[in-house]
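Here's the structure, in structure tokens; my notes come after.
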Amino acid sequence: MNLYPHIKKEDREICVALVGEEKRQAEGLELIPSENYVSRAVKEAMASSLTNKYSEGYPGKRYYGGQEFTDKVETLAIERAKKLFGAKYANVQPLGGANANIAMYFALLQPGDTVLGMDLSHGGHLTHGHPVTYITKIFNFVRYKMKDVETGEIDYDEMRRTAKKIKPKIILAGFSAYPRELNYKKFVSIAREVGAISVMDIAHIAGLIAGKAAKNPFDYGFDVMTTTTHKTLRGPRGGMILVRKDEELAKKIDKAVFPGFQGGPHMHQIAAKAVAFGEALRPSFKKYAKQIIKNTKAMERVFQKQGARMLTGGSDNHLILLDVWTSFGISGGEAEKLLDRAGITLNKNAIADDTRKPMDPSGIRFGTPAITTRGFKEKECKQVAEIMIDVLTKRNDTSVKRAKQEIKKLALAHPIPELFK
């Protein structure tokens, strides 16, 4: 089947790369927790004629003409997002999760204001105030950590003491490598005690929340949520900002996104978001979200039986953070490359207070959203975890070759779906 007939004719080099990526995805397994597969409908929206259209502004308030259909598309995306997450307001224009977070900062802060967010080494995200990011030159970021890395418990008492001392404008929850569920009630309590705005970055668990498999921070009083629209939500790569009920916050966020931070929105991307949100509103998505967690727990049990060290002792969500340096005597970077050769794609990741360098840390991070989309259940996930352990333990060409054959067989038996029912 010729998937790219026009590209093949116009640009063979790009076509070769695209076909190669199709083959890689079809014959291997994606375990990177922030990756997933989208439906053919989402792909069609991304490739639609909306990519030709400039739509600066918001529905009903555009700067260019010819917006009859773009307004309809963006309004549908907004209404579906609000329904999914129980929000009164939604901005679907951010081009990515980092864009959403940065626009949120500029909406709610003045230069020099303080944000209290999770430390990157304990599971936070670069945009939560890591010193390498430029946003730290504008705002002041103070970081909190886990009290116990073996259980994952956040040191809420220390967070309260810090918050009372520094008086942050924003208390930011959320993570990119944290396998447990946060105590949202405590976050909101501390924020209200010090007069801060409570913000939750749900990028990794948005699909779990939408599918009712994880708690919704809005139910506990959070003011704002930022997110990506891919990952567990299974939409196109993009971002979004949700406001629970405060109209003034919503107005500030809209102005920060446009014209403050971005120009014309990517309407083809917004159409794809609307399609994905529609898919996530179906009853079947709840089953999908719950299966993600079941599959993660199945993998967790295999590594527990092996005696491997998992940060926080396991997982409540879609990801596992494994200390391969302690468990298998191999660095995270080496483990990533080794498993990649076996057809298992995951990522090296620092663990809490890691003594190794960031580009070759002590851990790996992996999860189940993408393989769950392919129809994997607990049995298959257990098998994948066992294959991973065999490769990490033996680390020879024979084990890698055998693993690659097993993984290819599993992958081809569970093809990437075109349609999400």
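The values are calculated or read from the model by the stated rules, or taken from the named source; none is laboratory data. What you are looking at is a predicted structure, and each value in this text was computed from that prediction instead of being measured. In this analysis, Cβ positions are derived from the backbone assuming ideal geometry, glycine residues included, and neighbour counts consider all displayed protein chains.
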Residue identified as out of contact with any Pro (no Cβ under 8 Å at 6 or more places or on another chain), assigned to a loop (DSSP other than H, G, I, E, B) and in contact (Cβ under 8 Å) with a residue 12 or more places away in the chain among M359, M299, M388:
M359
Does G129 fit the bill of being crowded, with 20+ Cβ neighbours inside 10 Å, within 22 Å of I320 (Cβ to Cβ), touching a Leu at 6+ places or on another chain (Cβ under 9 Å) and modelled with pLDDT under 95?
no
Criterion: under 29 Å from V243 (Cα atoms) and either of a type outside the set (F, W, Y) or modelled with pLDDT under 95 (or both) - qualifying residue of E30, E74:
E74
Would you tally the residues in region 223-243 being touching a strand residue (DSSP E or B) at 6+ places or on another chain (Cβ under 8 Å), outside any strand (DSSP E or B) and closer than 22 Å to F285 by Cβ?
4
Would you pick out the residues in region 99-150 that are of a type in the set (V, I, T), assigned to a loop (DSSP other than H, G, I, E, B) and within 20 Å of the chain's Cα centre (by Cα)?
T133
Take the residues in region 285-324 that are farther than 17 Å from A370 by Cβ and of a type in the set (G, A, S), then tell me which one is surrounded by the fewest Cβ atoms within 10 Å (Cβ to Cβ).
G307
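The rows are residues; the columns are (1) more than 19 Å from the chain's Cα centre (by Cα); (2) in the same structural domain as A90 (by TED's automatic domain parsing); (3) more than 20 Å from F420 (Cα to Cα); (4) part of a strand (DSSP E or B).
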| residue | (1), (2), (3), (4) |
| --- | --- |
| K251 | yes, yes, yes, no |
| P265 | yes, yes, yes, no |
| F303 | yes, no, yes, no |
| D316 | no, no, yes, no |
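Filtering region 151-183 down to residues that are assigned to a strand (DSSP E or B) and touching a Ser or Thr at 6+ places or on another chain (Cβ under 9 Å), which residue is surrounded by the most Cβ atoms within 10 Å (Cβ to Cβ)?
Residues of region 151-183 assigned to a strand (DSSP E or B): 153-154, 170-174.
Still in the list and also touching a Ser or Thr at 6+ places or on another chain (Cβ under 9 Å): 153, 170-174.
Numbers: E153: 13, I170: 22, I171: 27, L172: 30, A173: 27, G174: 27.
Among residues in region 151-183 that are assigned to a strand (DSSP E or B) and touching a Ser or Thr at 6+ places or on another chain (Cβ under 9 Å), the one surrounded by the most Cβ atoms within 10 Å (Cβ to Cβ) is L172.
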